[in-house]
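The structure's right below; bear with me while I get my questions together.
The values are calculated or read from the model by the stated rules, or taken from the named source; none is laboratory data. Nothing here was measured: the structure is a model prediction, and the numbers come from that model. Please note: Cβ atoms are built from the backbone with ideal geometry, for glycine as well, and neighbour counts cover all protein chains shown.
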Amino acid sequence: MRSLLLPPAVLALALAPAAHAEPTGHLNDTGQTRCLNVAGNALEACSEANTGNASTRPGQDGRFGRDPAAANPTQSGLTRPAGSGGSGGFAFTPLDVSGNAIALSGNPPVPSATPRCIWDRVTNLIWEVKTTSGLQNQAYTYGWGSNNTGSCSGGSGCSSNAYIADVNALTLCGETANDWRLPTLPELLSIVDHDRASGPVIDAAYFPNTMSMLYWSETVYAPSPASAWNVAFGNGGTVATDQSNGGLRVRLVRSGQ
């Protein structure tokens, strides 16, 4: 499904994320802003020739949704909330460790300091940002749920349940931020940027230290409940993996409140 062209309500940056309403129900677009050319061998700017109703490849994703609308706000009326940025139609507000908004700078605007969390202004989800050391190290891997019993600061062998407990104890990005959890599969897919030619397929200015590896979701694989879905941030694909596999990564999420 694609998101609506109408923008979400603009929420005042003066409010901490903990004071915001629950997730909006709005969906991010895919990040795709280009279309397959007539020859079918390269991506290019979308046009009537390559994706119009009379073309050989009509209705391509890059022609519809928030992404092309954000590129032409005068015509579409779609604008991002103040203090948010990101590629395509994404609207990310970077947060510091206390949950305060970090100012943006440059053109296109990017965080002026390394964020510790990202507040998605479309979905109203708040995402963990990985680090290069300590508990949230980008390289650390986890088993799903209660699988694996190693130390979460040891680099591997920790369970996702234990990691969630450790991050909740930090109250990361807010005094009441103790409800961190694994994202569902659709939630994790919502931050994939499919317009990127190589991994990691995410806006690295807002999500630094993302690896082109598999990240767990909380969604169980129905045909084999001993497995769970994960997202490959090398290409944006999905695959189900046995929950005892301790070699996958985790990015936690919480709902805005």
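Which numbered condition trips up residue 219, out of (1) more than 20 Å from residue 126 (Cα to Cα); (2) surrounded by fewer than 21 Cβ atoms within 10 Å (Cβ to Cβ); (3) out of contact with any Lys or Arg (no Cβ under 7 Å at 6 or more places or on another chain); (4) not acidic (Asp, Glu)?
Unmet for residue 219, out of (1) more than 20 Å from residue 126 (Cα to Cα); (2) surrounded by fewer than 21 Cβ atoms within 10 Å (Cβ to Cβ); (3) out of contact with any Lys or Arg (no Cβ under 7 Å at 6 or more places or on another chain); (4) not acidic (Asp, Glu): (1).
Now a separate question. Looking at the range 246-257, which of its residues are closer than 20 Å to residue 157 by Cα and either at pLDDT 95 or above or out of contact with any strand residue (DSSP E or B) (no Cβ under 7 Å at 6 or more places or on another chain) (or both)?
Those that are closer than 20 Å to residue 157 by Cα and either at pLDDT 95 or above or out of contact with any strand residue (DSSP E or B) (no Cβ under 7 Å at 6 or more places or on another chain) (or both): 247, 248, 249, 250, 251, 252.
Each row is one residue, and each column tells you yes or no for (1) at pLDDT below 90; (2) surrounded by fewer than 22 Cβ atoms within 10 Å (Cβ to Cβ); (3) farther than 21 Å from residue 210 by Cβ.
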site	(1), (2), (3)
2	yes, yes, yes
6	yes, yes, yes
34	no, yes, yes
50	no, no, yes
59	no, yes, yes
65	yes, no, yes
81	no, yes, yes
88	no, no, no
94	no, no, no
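Please find, within the range 94-151, the residue that is farthest from residue 182 (Cα to Cα) out of those that are of a type in the set (D, E, K, R) and assigned to a strand (DSSP E or B).
120
Which ones in the range 65-82 are touching a residue at least 60 places away in the same chain (Cβ under 8 Å) and either under 15 Å from residue 32 (Cα atoms) or touching a Phe, Trp or Tyr at 6+ places or on another chain (Cβ under 9 Å) (or both)?
Scanning the range 65-82 gives 65, 66, 67, 69, 80.
Here's another thing I want to ask about it. Could you tell me whether residue 174 is in contact with a Leu (Cβ under 9 Å, 6 or more places away or on another chain) and either part of a helix (DSSP H, G or I) or at pLDDT below 95 (or both)?
Answer is yes for this residue.
Step by step: first the residues of the range 96-119, then only those that are within 21 Å of residue 138 (Cβ to Cβ) and among the aliphatic types (A, V, I, L, M), then the one that is surrounded by the fewest Cβ atoms within 10 Å (Cβ to Cβ). Which residue is that?
Once the filter is applied, the top-ranked residue is 113.
Restrict the check to the range 173-187 and report whether at least one residue is touching a helix residue (DSSP H, G or I) at 6+ places or on another chain (Cβ under 8 Å) and more than 23 Å from residue 102 (Cα to Cα).
Scanning the range 173-187 turns up at least one residue that is touching a helix residue (DSSP H, G or I) at 6+ places or on another chain (Cβ under 8 Å) and more than 23 Å from residue 102 (Cα to Cα).
If you don't mind, another one. For residue 205, state whether it is over 18 Å from residue 27 (Cα atoms), crowded, with 17+ Cβ neighbours inside 10 Å and touching a Leu at 6+ places or on another chain (Cβ under 7 Å).
no
Being more than 14 Å from the chain's Cα centre (by Cα) and without any contact (Cβ under 8 Å) to a residue 24 or more places away in the chain is the filter here; which residues of the range 204-256 pass it?
220, 221, 222, 223, 224, 225, 226, 227, 240, 242
Yes/no matrix, rows are residues, columns are (1) among the small types (Gly, Ala, Ser); (2) touching a helix residue (DSSP H, G or I) at 6+ places or on another chain (Cβ under 6 Å); (3) at pLDDT below 95:
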{"residue": "98", "(1), (2), (3)": "yes, no, no"}
{"residue": "101", "(1), (2), (3)": "yes, no, no"}
{"residue": "117", "(1), (2), (3)": "no, no, no"}
{"residue": "129", "(1), (2), (3)": "no, no, no"}
{"residue": "136", "(1), (2), (3)": "no, no, no"}
{"residue": "149", "(1), (2), (3)": "no, no, yes"}
{"residue": "152", "(1), (2), (3)": "no, yes, yes"}
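Could you tell me how many of the residues in the range 154-163 are surrounded by fewer than 21 Cβ atoms within 10 Å (Cβ to Cβ) and not in a loop (DSSP other than H, G, I, E, B)?
So the count comes out to 2.
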